[in-house]
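Below: the structure, in structure tokens.
The values are calculated or read from the model by the stated rules, or taken from the named source; none is laboratory data. In this text the structure is predicted, and so the values were computed from the model without any measurement. Here the Cβ positions follow ideal geometry from the backbone for every residue, glycine too, while neighbour counts run over all protein chains shown.
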Amino acid sequence: MYRRPIYSALLTRLKEPRKFLQVLAGPRQAGKTTLIRQAMESLGIPCHYASADEPTLQSRSWIEQQFEIGRLLTRENKKAAALIVLDEIQKVAGWSEAVKRQWDMDTAEKLALKVVILGSSPLLIQRGLTESLAGRFEIIPIVHWSYSEMKDAFGWSPEQFIYFGGYPGAADLIHDRHRWSRYIIDSLIETTISRDILLMTRVDKPALLRRLFQLGCSYSGQILSYQKMTGQLQDAGNTTTLAHYLDLLSGAGMLTGLSKLAGQRVRQRASSPKLQVLNTALLSAQSTLSFDASLKDRELWGRLVESAVGAHLINSITGTNIEVFYWRERGKEVDFVLRSGKTLTAIEVKSGYSKGSFPGMDEFSRIFKPKRKLLIGGGGLPLEKFLSIPAANWLY
């Protein structure tokens, strides 16, 4: 069984008396549905699964119908516990108000109906929860598969993970590079953009959002100001629009922009973002170079390695109080900075051999006095070792 820590946490919560809605939120192909189906088989109580993942949006009455099925299962189980699972819940307009109404009705009746909500757009799920369901839910974040998980499941090397990323559903296709890339582009990238973002959120310039995603993948691992982005994109509109679209892509688990570490949060928000794919497959699938050719291209491979490190950091700190930044001042730079409270760890990434001169790390250490300074690759900590360890280990 894969993703065992997440599965164990989910099963523990579902075996408790009804307290909260359980929410599994994460990008497509992260294993949410598989996890909940495994839990349903282990619980030993009546369960009902339903998905709103249809080309057209479901209505609130669909949610009411699913709750009625759950209530029937509870009554047939002599008012003992039953479970309903609502998948792709964000596809239902006004879902949070509808779920709140049904949940509160069952709470008033002291009905032991457990509810799990799944969604492939974490940003939209979070909005619905905070708007209507405050105090009624717990979130179990589901992120892209890690190197350790892909290695255990498919026997992948670090190089395969760096290029092909963490999509388990595509693992069997990697020996046919064209077929693999079309699967990533058509079934994951296009589906996420068209059905998880454009169908669910007001986007005045869909073509701009698509071009921003392509640009972000091309520049993953690099710092790019919004002004420079407008120079790269035609009909770019204003920088506020670009920042909003980047937030939407981040909320869908595709592409994010890291902020610069600064003393004031206002300066952090105003900084140029360091673009970062959250799964390196999103970068590789759109490249013209094969796996073998990418290994030989030092510039591309360096970007893939740094992107893999950044994605690992961001994915492994999801749901914690840890933050990830970059730092740059007067031409001196540190690739990544982890922060928890006042504790900092600085991280440099080298895909090739390093001569050992790190002016950015030296200057950062002088100013901020981090708890740890890590060199990944280049004679420092082996990349495979780093990708096998959660980011939190470098702070505590």
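Below is a table of values for the structure above.
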read-out: Complete set of residues in the stretch 100-139 that are among the β-branched types (V, I, T), in contact with a strand residue (DSSP E or B) (Cβ under 6 Å, 6 or more places away or on another chain) and under 27 Å from K79 (Cβ atoms); value: V115, V116, I117
read-out: Evaluation of L338 against (1) assigned to a loop (DSSP other than H, G, I, E, B); (2) crowded, with 20+ Cβ neighbours inside 10 Å (one fails), failing number; value: (1)
read-out: Looking only at the stretch 341-388, and only at residues there that are crowded, with 17+ Cβ neighbours inside 10 Å and at positive phi, the one that is modelled with the highest pLDDT; value: G377
read-out: When residues of the stretch 93-125 are limited to those that are among the aliphatic types (A, V, I, L, M) and over 17 Å from I69 (Cβ atoms), the one surrounded by the fewest Cβ atoms within 10 Å (Cβ to Cβ); value: A108
read-out: Residue in the stretch 220-233 that is in contact with a Phe, Trp or Tyr (Cβ under 8 Å, 6 or more places away or on another chain), closer than 19 Å to A281 by Cα and not assigned by TED's automatic domain parsing to the domain that holds P27 present; value: no
read-out: Breaking point among (1) part of a loop (DSSP other than H, G, I, E, B); (2) closer than 30 Å to T256 by Cβ, for E97; value: (1)
read-out: Looking only at the stretch 154-184, and only at residues there that are surrounded by fewer than 18 Cβ atoms within 10 Å (Cβ to Cβ) and either on the phi > 0 side of the Ramachandran plot or within 17 Å of the chain's Cα centre (by Cα) (or both), the one that is modelled with the lowest pLDDT; value: G169
read-out: Filter result for E97 (of a type in the set (D, E, K, R) and either at pLDDT 90 or above or farther than 23 Å from A252 by Cβ (or both)); value: yes
read-out: Leading residue by the ranking (nearest to the chain's Cα centre (by Cα)) among those in the stretch 265-279 that are over 16 Å from L224 (Cβ atoms) and modelled with pLDDT of 95 or more; value: L278
read-out: Scan of the stretch 322-332 for residues that are at pLDDT below 95 and either part of a loop (DSSP other than H, G, I, E, B) or within 14 Å of S148 (Cβ to Cβ) (or both), ordered by number; value: R330, G331
read-out: Members of the stretch 285-303 that are in contact with a helix residue (DSSP H, G or I) (Cβ under 6 Å, 6 or more places away or on another chain) and within 22 Å of S187 (Cα to Cα); value: A285, Q286, S290, F291
read-out: Which listed residue is closer than 17 Å to K32 by Cβ and either in a loop (DSSP other than H, G, I, E, B) or of a type in the set (K, R) (or both), from R210, R195, R127; value: R195
read-out: First in the stretch 133-150 and assigned to a helix (DSSP H, G or I), second anywhere and buried (at least 18 other Cβ atoms within 10 Å of the Cβ) and not acidic (D, E), Cβ under 6 Å, 6 or more apart; value: Y147/F161; Y147/L387; M150/W156; M150/F161; M150/G166
read-out: Cross-chain or 6+ apart pairs with Cβ under 6 Å, the stretch 256-273 first and within 18 Å of F364 (Cα to Cα), then at pLDDT 95 or above and in a loop (DSSP other than H, G, I, E, B); value: Q268/S259; S271/S259
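Every residue, every condition in (1) more than 30 Å from F164 (Cα to Cα); (2) outside the structural domain of M254 (by TED's automatic domain parsing); (3) touching a helix residue (DSSP H, G or I) at 6+ places or on another chain (Cβ under 6 Å); (4) touching a residue at least 24 places away in the same chain (Cβ under 8 Å), yes or no:
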{"position": "V309", "(1), (2), (3), (4)": "no, no, no, yes"}
{"position": "H312", "(1), (2), (3), (4)": "no, no, yes, yes"}
{"position": "W327", "(1), (2), (3), (4)": "no, no, yes, yes"}
{"position": "G331", "(1), (2), (3), (4)": "yes, no, no, no"}
{"position": "T345", "(1), (2), (3), (4)": "no, no, yes, yes"}
{"position": "F364", "(1), (2), (3), (4)": "yes, no, no, yes"}
{"position": "L375", "(1), (2), (3), (4)": "no, no, no, yes"}
